[in-house]
Structures are given as C-alpha cells and as structure tokens.
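Peer 1: Dumping the structure here so I can ask a few things about it.
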Amino acid sequence: MDVTQYHSHYADSSLHIYSLYPFLQKATTSRIILQQRFSANDELVSVNKRMAGKAVDKPPTSAFDFEIVEGVSDHLRTVVASSGQSSPWIDPATIKLRQRIGRGVFGDVWLATRHQTTADYDEYHEVAVKMLHPMKEDNINLVLDHLANLFTQCQGLQHVCWLQGLSVINGKLCIVMKFYEGSIGDKMARAKGGKMSLQDVIRYGTDLARGIMELHSKEILILNLKPHNFLLDENDHAILGDIGIPYLLLGVPLLTSDMSRRLGTPNYMAPEQWQPEVRGPISFETDSWGFGCSIVEMLTGSQPWSGKSVDEIHKAVVQKQEKPHFPGGLPPAVENVIIGCFEYDFRNRPLMGDIFQAFLSSPEAAYGDGGWRELGSLLNLDKLSGSGYSKWLVLKDQLQIRDTVRSRKPPNSCKPENMEVPEGTIVGVERDTERNGFVLVRVHGIHDPLRVHGSTLERVTFGLAAGDWVRLEEDRKKHSSVGILHSIYRNGSVAVAFIGLETFWKGNCSELQMAEAFCARQFVRLKPDTFSPRFEWPRKRGGDWATGRVCQVLPNGCLVVNFPGMLVFGDENSSFLADPAEVEIVSFNSSAGIVKKYKHLEDFHWAVRPLLVALGLFTAMKLGLFVGKRVGGSKLKKGSNLVIPIEGQKGEVQTAGNAAWLPPKVANIIFREGASVTTTSR
C-alpha cells in the first residue's frame, strides 16, 4: 500500500524574515514570551468563507522559535526553545478552552474554540487540544523538536487525525487537532453489551491497521492503542487519535511520578513496554499487542485484564506470561493473526502489514451472523514445519536470488544441529501464497542445487544473521556491550537490541563482533572481575557468587536465571536477571578438580547437598554395622577355638574369649548373650 508522502509548503526561493510577533501568556509563577517568525512565502492566503464552526483547509506551515521566560518582571530567567523543523505555531490567545473531554496518563484533552482572522472575516471553529502534563524546563526543547518532527511527518496521512498546530497554554505544551464527534469507545458504550458486531470490527480493524501502517512507515510507534483513541470521522471511518505521544515522550522525565514506570495504558501494554530497557526494546510489533487487545475489547465488550490493579496486570503479563482470552470462531485469517499478536516474544508477532492483509482478506465476515464461541484460553500459533519459529517471524525477511543462506538454528539452541545447508547461495526462488516458498540453494561440494523451503533458512549478510549474539567493539557505559542482532540489511546496516536501551541500537555491521551465545538450561555465574553487577545477584553462604541456570533469554539478550541450588521460602524471589556481558558459562566438564565438580553438582538442586549428606550418613552407618558384625564374628570364632579342656577339672570353665573381669552387661553386649561356656568331662 502506498503511503502518502508529506510535501513541504515552502517555495524554492530564499526565505527572509519580514515580521516578528511576540505573544504573552501569563501563568501563576511564569510568563511565556513567544517570538514567532514567518517567511514571506508563508503568508496566509485568502480562503473561501466558511460558516462559523466548520473546519477550514489545512493552513500552511511555518518555522518557529520561542523563548520561555520564567520569573517575575524584575528577575527573568530565559529558557530558549526552538525548532528547525517546518511546523505552524498557534498563538495561545486564539485558543479558548471550553471543557475537558478526556484525561489520560500523558495529558488531558480539551474541547476548545480556535479563532482565526483573515483580511475578510473572523472565523471560529471547534478543535481538540491535547494538553501534555508539566515537564522539566530542561526537557522542553527536546520535546518541541520531537513535536515539530511529529507534526511534519503526520501531514497528509489519511487515517491519522489532522494536526493543526502546536501551542503553549498555561505553561503546558499543547497539540491542536481537528475535533471528531465520537470514537469507537463511545460507540461501544452505547451498544448492547458494550461490544460491536463482527462486521464492524473487521471494517474498523482494516481502517486502523492502515493508519498504523502509515505511522510505522514514518518510524513512529503509537504505544497507546485502545478503543477510546480510535476516532470516527463524518464517513464512519476509524481514525487514529493518538499519534505516538508515549513514543514522543520516551526518555523524557515528567513531573508526574506515575509516568516514570509506564509507557502506555496498562490494560493494553505489551510485556516489553513495562520495562523496555530491561525486557525490550519496544518495536513495531509492540503495537501489534495493543492492536490485538483493542480488537478483543471490541469483540467482547470487556477491557483486557478488567478489574485487575496495575501490579496484578504486570504480574500476569510480564511474570506469568498470560494472554488475554478472546472469542473463537472468527475468520481463520483474523483468528490466526490475533493469536500471533499475543506472543510473549515480540519477534514472533505479526507486523501491521500482515494484520492489515488478514483483515482485508476477510470481507465475507461482514455478512455473517456475527456469532462466535468463547474460548477458555488462547491456542498456540502454529509453528512452521516443526521448526519452533512462528509463521510471522520467518516471513519478515524475503529471500532473494544471490542471497547467502544457512539452515536456521532450533530455538533456544546455541549450536547448529543437523544443518542441511551449512552455507549456500540462492540460485532460484519459487514463490507461493505464503511469500516464502521453496528456493534452490547451491552448496559448495554438492553438484546439484538443493530444493529447500525458505522458512528453514536464514539470510547471512557479512557473516551475520538475525538472531546472532554480537558485541560492540567499543564498550558503552549506558547499555550492555553484548546483545542480539534483530535485523541486518543487505547494505550492512543493522538493528541490535541491548540491555539498557529502550529502542534498537542502529549502526553498521562493521561495528560488531560475534559474541558467545547463551541459551536456556545453561549454568552461568558472574565473571571474577564483576564486582558490581547491573542486576541483583545472590550469594552463597560463604559469600561467593551463586551459580544459576538460564530459564529464558529475552529479546535483548537479558538472561532470566533461576537458582535451583538455593532453597526458596515463601514469597522470596526465585529468579533473577543477568547481563550476558557480566556472566560466564559453567559446566561439569569445565570445572577443574573434584571440589569444583562437586560444587557444580550442588548447583543443580538445593536438595543435592542434604541428599549427599544423608547418603553419606547412611553409608557410614551400614559400613559401621558391617564392620561391627565382622569384628564380633571374628572374636566369637576366635573364642570358640581357644577352649582348653582340662582333665580332672570339674565344674564350669570360661573360655579365653570371655574375660572374667568384664561386667555382665558389657559381656552381654560384646558376646551377644554373655560368655560362651564349654564343659568337658572325662
């Protein structure tokens, strides 16, 4: 689908400043002086008269600079904020706030009236004003640059709300946009049961997927998809009302503490959104999760994780890796793509293009009865060819002739196993409906090309393939130096996920080196030269760092480690996180000496030590009893052989083995029934 591109309104002639307009907006402790400059070619042109209250054509853009001057008139302090981007600045005196119509974690939405004056007439029309929460003055310049760039990129998009300009009202940054009469959330509130018909869900879902694709084509993530942010225009088409405010504020500390740990609305947040620098990074597929949650709510009338607190949602989504329940009996293409939206690892989720095609290919659903069955839980997305990879992951890279390829490694595997194609070159491609069909691969040493399905192959470029563990040549303090390669283009540009970064690190493959791979079930411990690890790490009783077993590898290489050698009681934390750059692999073979091998055995489970102690005690007891029997039997036999008959002696004669001086009880213990007496007679 072609995405409308934004074209600048500037003419080719040189620009010159012909006027300077100061605007003053008073606040409680500060005043804002806005200095706006326009070029001659950006002068407002006359337009046909409209009735008051109607929307007008989109005004031309202009560059702007402004200063925020804080303090009273006698003690002013200037904070310069400017933008080199092309963006219209709206005089706050022309905006009159009427009433608040929405409130969210990122700001409030107001219904307002905008006054525009031309040489011929005055015009008033309704607008929606997104007023962002207060932020530190040091970050205002950064946010303004983001806003200006966002405004420029959103111009001309057909399924995204129309942005009219930017302003500062009451000391807060504001985004002025077209006012839409309603939203999908409002329509659901009026519907029976709070849910929509299947035909409306398919139709609106197609519109929304198209709008999300438009923003993704501009490298803009939305991160706040939900029915109340889906607006409806005059033709009953769904329009995206949120243009990526969470992404715009990424890394910008706000004055509200609630936003310091969230990057969206909790009920619609993907697992990586909760801690993108630890469990991320966020990506295009992050919006796929939010889209899936929105579709589930539209179908069921119930918000995902309804009735749960923020902490409970976090535990369910991030720790327990639970997925929202949704109706079954949907069109197969739609059902498969929604199931894929809830994959825990975002690499296994579909891109928005796949979602759009699934909804677009299901028009017959609009004429169905709209009925479906309720599923108790989600089914797992089918894996292609038993490879363990999702359908959506293998379709993200389209193989071409002359690509170097190799067989895919099994998931959670560090080393290739039974590679049919160790490395080869594609010499032929057979396309089918699944985009990646069979390909012909020429392998060195084999005369005829091999016919292999494309889903079992991965492209190798400059010696690297998606999923490889890599290390930056230069260590960075902000983030880990070891991460996972997520994509590599044929020109060598790469996108890598590192712990400590909320988004992908982008650069060139020449800056990377191959790193040691980690996978589940490996034992790891901190390196000897690691004294202050990035994450908390337990110690043994003696003070040494404990050894744990990897149970999961996150998309950025972060290791989730359990410590089976440590007994956990109650609510104690049983798993920890680890930076792959700070740990080393431990195995029985690599442990030198019997002591270290024994210590490694103890790492397998906390019961190993008590079991071995119990086994040792049991063995010692058995050995003691065995030795005792042998010694007792030997003495008994020896005593029997020492019976000396004495002729002419009458009465009882004691054996040499039963000393007369021993007490009776001791004699009973040693000889088991007292002394053995043998009498002889003549």
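The values are calculated or read from the model by the stated rules, or taken from the named source; none is laboratory data. Just so you know, these numbers come straight off a predicted model, no measurement behind them. Glycine also receives a Cβ, built like all others from the backbone with ideal geometry; neighbour counts cover every protein chain displayed. All accessible areas refer to the heavy atoms of the entire protein, side chains included, with ligands and DNA or RNA removed. Shrake-Rupley method; radii C 1.70, N 1.55, O 1.52, S 1.80 Å.
Peer 1: List the extent of the Cα atoms of segment 96-168 along each of their three principal axes, largest first, rounded to whole Å.
Peer 2: Cα spread of segment 96-168 along its principal axes, largest to smallest: 41, 28, 27 Å.
Peer 1: Here is a further query. In sequence order, what are the phi-derived ³J(HN,Hα) couplings for segment 235-241 according to the Karplus relation 6.51 cos²θ - 1.76 cosθ + 1.60 with θ = phi - 60°, rounded to whole Hz, with x for glycine and proline?
Peer 2: Once θ is set to phi - 60°, the couplings for segment 235-241 become 9, 6, 9, 7, 10, 6, x Hz.
Peer 1: Counting pairs of alpha carbon atoms under 8 Å apart in space and at least six apart in sequence, what relative contact order in percent does segment 233-365 give?
Peer 2: Values: 125 pairs, mean separation 27.0, N = 133.
That works out to 20 percent.
Peer 1: Along its three principal axes, how long is segment 431-550 when you only count alpha carbons? Whole Å, largest extent first please.
Peer 2: Result for segment 431-550: principal-axis Cα extents of 61, 31, 30 Å.
Peer 1: How large a share of the accessible area of segment 304-354, in percent, is made up of carbon and sulfur atoms when the probe is 1.4 Å and the other protein chains stay in place? Kindly include the intermediate steps, with their values, before the conclusion.
Peer 2: Working: 880 of 1920 Å².
Within segment 304-354, the accessible surface is 46 percent carbon and sulfur.
Peer 1: Which far-off residues, 5 or more places away or on another chain, put their amide H under 5 Å from the one on Leu173, with H placed in the peptide plane?
Peer 2: Here the answer is Leu132, since their amide H atoms fall under 5 Å of that of Leu173.
Peer 1: After finding the eigenvalues of the alpha carbon gyration tensor for segment 91-222, what semi-axes result from the square roots of 5 times each, listed largest first in whole Å? Before the final figure, lay out each step's value.
Peer 2: Details: eigenvalues 154, 78, 55 Å².
They are 28, 20, 17 Å, listed from largest to smallest.
Peer 1: Ok, one more. In debye to the nearest 20, how big a dipole does segment 158-271 give about its Cα centre with +1 on each Lys and Arg Cβ and -1 on each Asp and Glu Cβ? Don't jump to the answer; show the numbers that get you there.
Peer 2: Values: 12 positive and 11 negative charges, 70 e Å.
I would put it at about 340 debye.
Peer 1: Can you list residues from other chains, or at least 5 along the same chain, whose modelled amide H is less than 5 Å from the amide H of Ile101?
Peer 2: Amide H to amide H, under 5 Å and 5 or more residues apart or across chains, Ile101 pairs with Val109, Trp110, Leu111.
Peer 1: Moving to a separate point now. Of His325, His479, which has the most accessible area and how do the rest follow, probe 1.4 Å?
Peer 2: Result of the area sort, largest leading: His325, His479.
Peer 1: Could you tell me the extents of segment 313-360's C-alpha atoms along the three principal axes, largest first, rounded to whole Å?
Peer 2: 35, 24, 12
Peer 1: For segment 194-328, rounded, prolate or oblate, judged on the Cα gyration tensor with a ≥ b ≥ c (square roots of eigenvalues), a/c < 1.5 rounded, else prolate if a/b > b/c? Mind showing how you got there, number by number?
Peer 2: Values: a/c = 1.88, a/b = 1.24, b/c = 1.51.
Oblate, since a/c reaches 1.5 and b/c is not below a/b.
Peer 1: Further question: Once every Cα of segment 144-273 carries one equal point scatterer and solvent is ignored, give the base-10 log of I(q)/I(0) from the Debye formula at q = 0.10, 0.19, 0.22 Å⁻¹, two decimals.
Peer 2: Debye curve over Cα of segment 144-273, log10 I(q)/I(0) at q = 0.10, 0.19, 0.22 Å⁻¹: -0.35, -1.21, -1.46.
Peer 1: Under the rule of at least 5 residues apart or a separate chain, name every residue whose amide H is placed under 5 Å from the amide H of Ala515.
Peer 2: Hits under the 5 Å cutoff: Trp469, Val470, Arg471.
Peer 1: Under a Cβ-Cβ cut-off of 11 Å, what is the net charge of the residues other than Pro304 that fall near it, where Lys and Arg count +1 and Asp and Glu count -1? Write out the running numbers ahead of the final one.
Peer 2: Working: positive: Lys226, Lys308, Lys323; negative: Glu297, Glu322.
Its environment carries a net charge of +1.
Peer 1: Let me ask another. Looking at segment 460-508 from every direction and averaging, what is the projected area of its Cα convex hull in nm²?
Peer 2: Details: hull surface 12.4 nm².
With every direction weighted equally, the projected area is 3.1 nm².
Peer 1: Related question: Measuring with a 1.4 Å probe in the full set of protein chains, what accessible area per residue, in whole Å², belongs to segment 257-358? Show your work: numbers first, answer last.
Peer 2: Values: 3140 Å² over 102 residues.
Ligands and nucleic acids excluded, the figure is 31 Å² per residue.
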